[in-house]
Amino acid sequence: MELFGKDLAELAGDGRMLTWLGTLIPQMEEWLAARPHGNFSRWHALLEKIQELPRGELRPGARIEVGSAEDITPEQQKFLRSALKQVQPWRKGPYSLFGVDIDSEWQSDLKWDRLKDHIADLTGRNVLDVGCGNGYHMWRMKEAGAERICGIDPFCNYLFQFLMIRALVREISGIHLFPLVLEQMPPSLESFDTVFSMGVIYHQKSPVDHLERLRDLLRPGGQLVLETLVVTGDEHTVLTPPDRYACMTNVWFIPSPEAALRWLDRTGFHHPRMISLEKTTSREQHRSPWGCAESLEDFLDPRDPGRTVEGHEAPQRAVFLAEKP
């Protein structure tokens, strides 16, 4: 359990997390025993070498920075760049780690800017980030004062991206990432003050089940932050792509803003409201040597950038807030 030992020990000291630990510990033991990715051993070896590097000060912001180029030798920086390249693609960011600048596919600071002034104050709160990727937004939540942030995401390379970044940070605690999906969380946990689900719900075959699970993780009075693709329409409008949406095969339901508000209301949330509606542009999502070979510009019709290559409305994203009664 070396990979998660520090995290599990921290959670054991938090009374709010004891119920979760009963299922989390055997889940992590099973995950480690399965060696869930062909590159697991290589990535783990790289992580161990990164842990031998100097640690630097964390400077959160639009670009999350740790240390500076002057803090390590050129040889160490060369190794660090190579190690970070080996856990591509970097979809969330941007980061600068001891002078190694990571230009991620998504400029995730833009999403954070859209919601940070509207959500409940995170100071002292216990937060869950569902589908957190490599944890970019968790570092912003830490910057905003959250006491404990737990992220869940099933992708192994995102876990190692997060662990490599955390290994470089001096004196950090209260921030964790576990390779899980939402369905593996204990039902009716009611342990979190704020739950984020950003860019996840349209990948679910049952968006209603997704919302109910999120609700059951919140304490009474806790806040849900939901970000999703949306389409134009009324409360009855939900796009169900017959095959792909913007080249993604795993998109099941994209609601209109009004339909999303109805989903939140029907699943028992209080005071659902939309706080942001923005079209996705290449400023926010773009090709990068650190990201994927294709990105937004490849997913839009070159003759009509207002449509996807499949003929659907081009991506626009909305952020919603709601509370658990």
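Some notes on this structure:
- In the full protein context, the chain carries 42 Å² of accessible surface per residue, based on a 1.4 Å probe and ignoring ligands, DNA and RNA.
- The order of 295, 82 by accessible area, most exposed first and with a 1.4 Å probe, is 82, 295.
- Antiparallel bridge percentage (DSSP; both residues within the range 192-325; nearest 5): 80
- For the set 155, 299, 320, solvent exposure ranked by accessible area (probe 1.4 Å, protein chains only) runs largest to smallest as 155, 299, 320.
- A simple spin-label model places the labels of residue 14 and residue 120 1.5 nm from each other, with each point 7 Å out along Cα-to-Cβ.
- Extension gain, residue 281 to residue 183, is 32.1 nm, computed as 0.36 nm per intervening residue step minus the present C-alpha separation.
- Cβ-placed point charges (K, R +1; D, E -1), dipole of the chain about Cα centre in debye, nearest 20: 220
- Gain in span if fully extended, residue 101 to residue 316, counting 0.36 nm per residue against the direct Cα distance: 74.6 nm
- Principal axis extents of the Cα atoms in the chain, from largest to smallest and rounded to whole angstrom, are 57, 51, 38.
- Counting Cα-Cα pairs of the range 140-271 in 5 Å increments starting at 0 gives whole-percent bin shares of 2, 9, 16, 20, 18, 16, 11, 6, 2, 0, 0.
- Solvent-accessible area assigned to carbon and sulfur over the chain amounts to 50 percent, based on a 1.4 Å probe.
- Fully extending the segment from residue 212 to residue 57 would add 51.9 nm, taking 0.36 nm per residue of separation and subtracting the current Cα-Cα distance.
- For the chain, share of DSSP beta bridges that run antiparallel, in % to the nearest 5: 50
- Near residue 42, once Lys and Arg are set to +1 and Asp and Glu to -1 for all other residues with Cβ below 15 Å from its Cβ, the sum equals +2.
- Solvent-accessible surface (1.4 angstrom probe) belonging to residue 274, in square angstrom, nearest 10: 80
- With 32 Å as the limit on Cα-Cα distance, the pairs of 78/279; 49/205; 85/279 that go past it are 78/279; 49/205.
- Proximal charge balance of residue 16 [Cβ under 13 Å; K/R count +1, D/E count -1]: -2
- All Cα-Cα separations within the range 5-126 were binned at 10 Å from zero, giving a P(r) of 10, 27, 33, 27, 2, each value a whole percent of the pairs.
The values are calculated or read from the model by the stated rules, or taken from the named source; none is laboratory data. This is a predicted model, so every value here is computed, not measured. Positions of Cβ are generated from backbone atoms using ideal geometry, with glycine treated the same way; all protein chains shown enter the neighbour counts. Protein only, heavy atoms only, side chains kept; ligands, DNA and RNA dropped before computing areas. Shrake-Rupley method; radii C 1.70, N 1.55, O 1.52, S 1.80 Å.
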